[in-house]
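Taking it in order: structure first as structure tokens, then the write-up.
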Amino acid sequence: MNDEAKVALVTGAGTGIGAACARALADEGFRVAVHYRSSDVKAKELAEKLPGAFTLQADITEPEEVDALLVELKEKAGRLDVLVNNAGTNRNGPMASMKIDDYDAVAAVTRGTWYLTKRVIRRFMLRQKSGRIISITSVVGHTGNRGQSVYTMMKAGLDAMTKSLAQELAGRPILVNSVAPGFIATEMTEELPDEIRQGILDKIPQGRMGEPEEVADAVAWLATRASYVNGSVLHVNGGMYGG
Ligand SMILES: NC(=O)c1ccc[n+]([C@@H]2O[C@H](COP(=O)([O-])OP(=O)(O)OC[C@H]3O[C@@H](n4cnc5c(N)ncnc54)[C@H](OP(=O)(O)O)[C@@H]3O)[C@@H](O)[C@H]2O)c1
């Protein structure tokens, strides 16, 4: 790994889709900042396997932790070329019985994503005059989903952030996109009861859940080879929704 290697920060990279994105970007030659909040063992094991990678810890709901993360990133890598906003959380349930705390928990991660993105643009990408920002959203932000009123609001909001930011950055070589996965086989979806899992599979023309690597492929393409895709939502969902 040479000192000129481009640097990618993937949030929530200790697990699931984030870990697959970190591996895919390392395969593309990026030095990867493997961010985690609580999955320290997994994140450190992953970083050890990827050339030049290092870990960064932060709860992104806390602005001062985001600030500290970016100071550490600057010290360790000196630059940032790609930001993958993958960290996310959900609270599911019928809207009528959900609590304000449920709303706040999901919204806090969205606020953290907005704050991290804002700081990354100002601190790195505007100065470097280059960058790629990719946010992992969800098909359900477009289709809606029973029991996911808050999660769907937040994911739809992130797609809107992508579009607004691409317009704000017009004329600068910073591309901003979303990748909206359908149902992907991760720990999150492993916990689904069989009946709900079958109901989901029935709606997917390809008849199976996606793999984290299939989402990561789209992220790696947007981070590298895509040159005329900006302010877009790339759907990766086995045909269940085309946008
Ligand atoms: N699996 C699916 O079917 C699916 C479909 C569509 C979209 N998505 C989206 O894809 C992304 C990854 O999901 P996943 O399926 O891979 O689930 P996951 O393994 O639960 O990943 C969520 C990640 O977010 C991180 N995170 C949560 N709250 C955080 C906070 N306050 N500060 C910092 N990091 C935080 C977690 O970090 P720690 O573990 O270190 O705490 C974890 O690594 C999420 O945005 C999710 O909404 C998933």
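Look at Lys99, Lys42 and count the other Cβ atoms within 10 Å of each Cβ; fewest to most, that gives Lys99, Lys42.
For Phe124, Phe54, Phe30, which order do you get if you count the other beta carbons within 10 Å of each Cβ and list the fewest first?
Phe54, Phe124, Phe30
Its residue count N sets the reference 2.2 N^0.38 Å, and the alpha-carbon radius of gyration of region 80-163 equals 1.21 times that reference. Taking amide H as placed 1.01 Å from N in the peptide plane, Val233 has its amide H under 5 Å from the amide H of Ser178, each at least 5 places away in sequence or on another chain.
Among Met188, Met154, Met95, the ranking by other beta carbons within 10 Å of each residue's beta carbon, starting with the fewest, stands as Met95, Met188, Met154. Averaging Cα coordinates gives a centre for region 67-86 and one for region 208-241; these two points are 23 Å apart.
Across the alpha-carbon set of region 103-243, the Rg to Rh ratio works out to 0.99, Rh being the Kirkwood radius.
Percent of Cα-Cα pairs more than 20 Å apart in region 7-232, please. Above the 20 Å cut-off, region 7-232 has 58 percent of its Cα pairs. Counting Cα-Cα pairs of region 27-86 in 10 Å increments starting at 0 gives whole-percent bin shares of 22, 58, 20, 0.
Placing +1 on each Lys and Arg Cβ and -1 on each Asp and Glu Cβ, with no other charges, gives the chain a dipole about its Cα centre of roughly 920 debye. Taking Tyr228, Tyr115, Tyr151 in turn, the Gaussian network model of the chain (Cα-Cα springs below 10 Å) assigns the largest fluctuation to Tyr228. With the convex hull drawn over the C-alpha atoms of region 187-243, the volume per residue is 99 Å³.
Throughout, read-outs are computed from the coordinates displayed, never taken from laboratory work. Computed from a predicted model, the values in this text were never measured in an experiment. Here the Cβ is made from the backbone with ideal geometry for all residues, glycine too, and neighbour counts use every protein chain on show.
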